[in-house]
Amino acid sequence: MISNQILQSTIEGLKNITKAELGVHDIEGKVLVSTFSDSELSQAEIAAFAQSQADTQTIKNYHFFKVYDDHQLEYILVAKSDEDDCYLVGRMASFQLQSLLTAYKERFDKDNFIKNLLLDNLLLVDIYNRAKKLRIDSEAPRVVFILEARPDKDQGSIENIKTLFGSKTGDFITAVDEKSVIVVKELAPGDGYAQANRIAASILDAVGLEDDDKTYIAYGTIVHELKEVSRSYKEARMALDVGKIFFAEKNIIAYSSLGIGRLIYQLPIPLCKMFIKEIFANKSPDDFDEETLTTINKFFENNLNVSETSRQLYIHRNTLVYRLDKLQKSTGLDLRVFEDAITFKIALMVVRYMKYMETMDF
């Protein structure tokens with residue numbers, strides 16, 4: 001259904017061009033929008049015309065026109081003018097309203113199609129049949145972005161993103177829940193992930209990113225067939241979740257950059273608990289003091305380089321070796337040995353994942 005604001009704007013524009021007074025009524029005769037300062041017509045008279053077989057009628061120098069939406073009566077248009085061409089003006093105005101209905105219906109159908117496509121609610125044959133009917137290219141390269149911002153930003157986010165992409169027919173902006181905005185972006189041939197990252201950055205700029213703002217945007221892999229758009233959406237959804245667990249400092253998360261975090265995210269919690277118990281026995285990384293955790297993280301950041309780590313921590317090399325020896329005695333893992341370091345790193349990520357899942361349960 002077209003909003004009354006759009007209807008009012010349309011008939012006022014037509015009045016400015018034709019100088020005719022126009023009014024749009026529902027099939028019960030109630031006024032929806034109008035340019036009339038006063039009218040001699042009653043609601044009953046308009047409703048009676050709606051029930052009649054005629055598509056046009058003249059009553060009290062007012063011209064009535066029926067406006068259909070796919071053969072179903074939607075509006076009654078009333079026109080009045082001192083000019084002789086009032087009937088012609090009314091026909092043009094009713095045609096304009098019918099064109100608006102068609103355009104809005106097509107836009108709604110496209111939005112509905114994209115939502116069902118993202119959620120895997122369509123059969124393969126339906127995807128291609130409906131895409132052809134809606135004039136959507138089925139073989140263009142596309143990537144799905146998911147923007148998650150504060151609830152008070154959502155509506156403004158959609159409008160800003162629509163403005164950013166303008167009226168590009170291959171792009172779709174929608175939402176399947178109240179938490180996020182989804183952009184299905186059509187790419188140019190040859191565009192890769194560098195371009196996808198630039199698009200993600202431009203979306204964040206359009207939304208407006210604040211220093212303390214928990215706004216994230218994630219995107220999946222580039223797909224080349226319409227039927228694969230749902231896969232890119234699922235990947236973007238996973239990237240959003242995994243990014244918030246393991247890359248909380250980042251605002252842009254690509255599915256292709258998730259690394260081992262993507263595997264950990266798919267592990268069942270009981271298996272994670274069993275793994276942590278095997279690695280740390282009755283201890284937990286939460287039991288480590290701040291100094292130890294800082295040393296561990298810095299050691300990993302510097303690719304297990306003792307000299308560089310001690311330099312960045314402003315401690316003597318022997319002090320760092322002492323801390324690593326102490327950690328080895330308590331956990332049985334020597335971070336200077338690659339295999340032990342990998343085990344320890346995974347264990348820390350598993351603990352972070354478990355903590356995140358616990359907060360999601362509340």
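The values are calculated or read from the model by the stated rules, or taken from the named source; none is laboratory data. Small disclaimer: the values here were computed from a predicted structure and weren't measured. Cβ placement follows ideal geometry from the backbone for every residue including glycine, while neighbour counts extend to all protein chains displayed. Side chains included, ligands, DNA and RNA excluded: accessible areas come from the protein's heavy atoms. Shrake-Rupley method; radii C 1.70, N 1.55, O 1.52, S 1.80 Å.
Remarks
- Whole-number percent relative contact order across segment 1-137, with pairs defined as alpha carbons under 8 Å at least 6 apart: 20
- Among 98, 32, 50 - extreme Cα towards positive end, dipole of segment 32-156, charges at beta-carbon: 98
- With 0.36 nm allotted per residue and the present C-alpha distance subtracted, the residue 137-residue 123 stretch has 3.3 nm of extension available.
- Segment 1-64, relative contact order [Cα under 8 Å, separation at least 6], %: 22
- Sequence ranges 307-319, 241-253, ranked by mean other-Cβ count within 10 angstrom, highest first: 241-253, 307-319
- Accessible area per residue in Å² at 1.4 Å probe, computed on the chain: 56
- Model label points for residue 56 and residue 176, set 7 angstrom from Cα along the Cα-to-Cβ axis, are 4.8 nm apart.
- The apolar share of the surface of segment 266-362, taken as the fraction of accessible area on carbon and sulfur atoms (1.4 Å probe, ligands and nucleic acids excluded), comes to 54 percent.
- Two-site label geometry, residue 322 and residue 32: point separation in nm, points 7 Å out along Cα→Cβ: 8.1
- Test item: Cα-centred dipole of the chain, Lys/Arg +1 and Asp/Glu -1 on Cβ, debye: 1320
- Value of relative contact order over the chain, rounded to a whole percent, pairs C-alpha under 8 Å and six or more apart: 10
- Using the Cβ of residue 62 as centre and a radius below 13 Å, the other residues enclosed give a net charge of -3, where K and R count +1 and D and E count -1.
- Peptides 182-190, 268-276 ordered by average Cβ neighbours within 10 Å, highest first: 182-190, 268-276
- Take the Cβ atoms of residue 162 and residue 224, set R0 to 35 Å, and the FRET efficiency comes out at 0.90.
- Gyration tensor verdict on segment 1-95 (Cα atoms; rounded if a/c is under 1.5, prolate if a/b is larger than b/c, oblate otherwise): rounded
- The distance between label points at residue 304 and residue 256 comes to 2.8 nm (points 7 Å beyond Cα on the Cα→Cβ vector).
- Calculated Kirkwood radius over Cα pairs in Å (choose from [x] 24.4; [y] 23.0; [z] 25.6), label: [z]
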